[in-house]
Ligand code: PLP
């Protein structure tokens with residue numbers, strides 16, 4: 001039977017048999033026993049499916065991976081130890097030294113540094129484009145050695161909505177996949193595969209978990225990209241480290257996600273812990289409910305801030321004043337997420353006074369949590385960026401990132417009101 005997405009948040013990925021635990025259990029074991037060494041050997045050669053070492057697979061992780069794949073509408077998923085590890089593995093699975101990545105310049109600061117600096121040091125070049133760029137500007141960023149395009153559905157923290165269809169069309173016209181970080185809207189509010197994206201990543205640390213109890217990431221494969229188009233020999237030529245298997249032949253639509261696990265997770269070892277996967281699953285069970293409330297509360301807060309005379313500007317795609325309102329309606333018709341960015345009149349100092357006077361909302365290096373929280377991106381998550389890069393990423397010195405939680409809206413508004421009086 002196929003279910004709707006909110007039902008899948010609860011039931012997908014795990015169907016207990018007679019007498020099995022009703023809740024996805026934590027399988028806290030690194031290893032699994034087999035009757036013969038031959039059976040074990042077949043697992044190592046990828047001739048048979050099964051668990052043999054938790055770095056490559058674990059029943060708790062497997063259930064959560066299947067749930068997230070179902071939510072995004074993909075053929076498979078791979079949990080990682082963090083969102084950073086998900087971005088790294090998603091790109092390294094198809095880009096090697098000498099290759100090139102086209103990326104949106106309005107992405108999470110950690111991902112920006114990963115692509116701009118660390119990958120550059122690994123020999124992978126990059127060109128950054130504005131997510132709101134024209135088709136021609138995007139076109140101009142491609143090179144013959146471009147192997148993927150990387151963007152965020154809804155950027156952290158500038159809340160730019162990427163025109164996913166445009167990015168997917170241009171990626172495909174150049175024979176490369178579009179990788180989309182879908183952390184902020186979650187599959188409840190946007191499923192990028194429906195708009196042509198090929199690979200989706202998440203920091204599950206954010207809304208998917210929602211309770212700030214684990215750091216994690218996930219990569220999801222749509223199964224739609226044609227890895228046999230001549231640009232990706234890693235899928236069409238034999239992998240000697242697995243006795244010459246050819247991923248695209250042996251794993252078909254699941255070639256990308258299988259290689260991410262069997263090759264990169266084997267070699268890099270950035271797997272999620274079973275305990276974290278268990279906690280993440282608890283979060284996923286209420287994801288649909290929480291996203292609905294986050295969006296409702298954030299819309300009310302954005303409308304309130306827009307009318308407050310202490311506030312210089314408000315950026316929330318749910319506001320008609322947002323330049324991304326129309327794109328948001330197209331890609332996220334049920335709402336975007338709980339994150340708002342705004343500036344307080346009086347710049348950086350006034351922003352600091354406002355934040356220091358909040359009583360219920362906490363100042364944390366976190367976002368997309370069920371508790372309302374705030375952050376000053378220019379001095380924290382994005383502090384490595386130069387002024388020019390900050391400007392390009394749409395992050396001003398006065399910007400406050402407000403992550404609206406699921407508390408009672410009256411309490412949230414009261415807290416903001418009294419803190420704004422001090423700004
Ligand atoms: N992607 C986005 C959109 C994020 O906001 C973050 C972290 O804030 C990451 C990726 C990195 O995830 P993690 O902190 O889980 O490594």
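Selection over region 213-244 of residues that are part of a loop (DSSP other than H, G, I, E, B), within 14 Å of the ligand (Cβ to nearest atom) and in contact with a strand residue (DSSP E or B) (Cβ under 9 Å, 6 or more places away or on another chain) gives a count of 2. On the basis of being touching a strand residue (DSSP E or B) at 6+ places or on another chain (Cβ under 6 Å) and closer than 25 Å to residue 281 by Cβ, does residue 56 make the cut? Considered against the rule, which asks whether it is touching a strand residue (DSSP E or B) at 6+ places or on another chain (Cβ under 6 Å) and closer than 25 Å to residue 281 by Cβ, residue 56 comes out as no.
Filtering region 157-182 to residues that are more than 10 Å from the chain's Cα centre (by Cα) and within 10 Å of the ligand (Cβ to nearest atom) leaves only 157.
Restricting to region 195-208, name every residue that is more than 9 Å from the ligand (Cβ to nearest atom) and either assigned to a loop (DSSP other than H, G, I, E, B) or touching a strand residue (DSSP E or B) at 6+ places or on another chain (Cβ under 7 Å) (or both). Those that are more than 9 Å from the ligand (Cβ to nearest atom) and either assigned to a loop (DSSP other than H, G, I, E, B) or touching a strand residue (DSSP E or B) at 6+ places or on another chain (Cβ under 7 Å) (or both): 196, 197, 198, 199, 200, 207, 208. Filtering region 374-393 to residues that are within 12 Å of the ligand (Cβ to nearest atom), crowded, with 16+ Cβ neighbours inside 10 Å and not in a helix (DSSP H, G or I) leaves 375, 381, 382.
Looking only at residues in region 95-115 that are away from the ligand (no atom under 16 Å from the Cβ) and surrounded by fewer than 24 Cβ atoms within 10 Å (Cβ to Cβ), the one that is nearest to residue 272 (Cα to Cα) is 96.
Counted as qualifying within region 95-176 are the helices (runs of 4 or more DSSP H) with 3 or more residues that are under 21 Å from residue 379 (Cα atoms), namely 109-113. Among the residues making up region 13-51, those that are without any contact (Cβ under 8 Å) to a residue 24 or more places away in the chain and within 28 Å of the chain's Cα centre (by Cα) are 15, 23, 49, 50, 51. For region 72-92, filtering for residues that are more than 16 Å from the ligand (Cβ to nearest atom) and either surrounded by 24 or more Cβ atoms within 10 Å (Cβ to Cβ) or assigned to a strand (DSSP E or B) (or both) leaves 2.
Taking region 370-379 as the range and being out of contact with any strand residue (DSSP E or B) (no Cβ under 9 Å at 6 or more places or on another chain) and free of Cβ contacts under 8 Å to residues at least 60 places away in the same chain as the test, only 379 passes. Put simply, of 192, 185 the only residue that is touching a helix residue (DSSP H, G or I) at 6+ places or on another chain (Cβ under 6 Å), under 15 Å from residue 72 (Cβ atoms) and within 16 Å of the ligand (Cβ to nearest atom) is 192.
Selection within region 236-256: residues that are under 17 Å from residue 176 (Cβ atoms) and within 24 Å of the chain's Cα centre (by Cα). The member of this set that is surrounded by the fewest Cβ atoms within 10 Å (Cβ to Cβ) is 255. Can you tell me which residue among 396, 405 is crowded, with 21+ Cβ neighbours inside 10 Å and part of a loop (DSSP other than H, G, I, E, B)? Exactly one of 396, 405 is crowded, with 21+ Cβ neighbours inside 10 Å and part of a loop (DSSP other than H, G, I, E, B), namely 405.
None of the figures in this text is laboratory data; all of them are computed from the coordinates on show. What you are looking at is a predicted structure, and each value in this text was computed from that prediction instead of being measured. Note: ideal-geometry Cβ built from the backbone for every residue, glycine included; neighbour counts use all protein chains shown.
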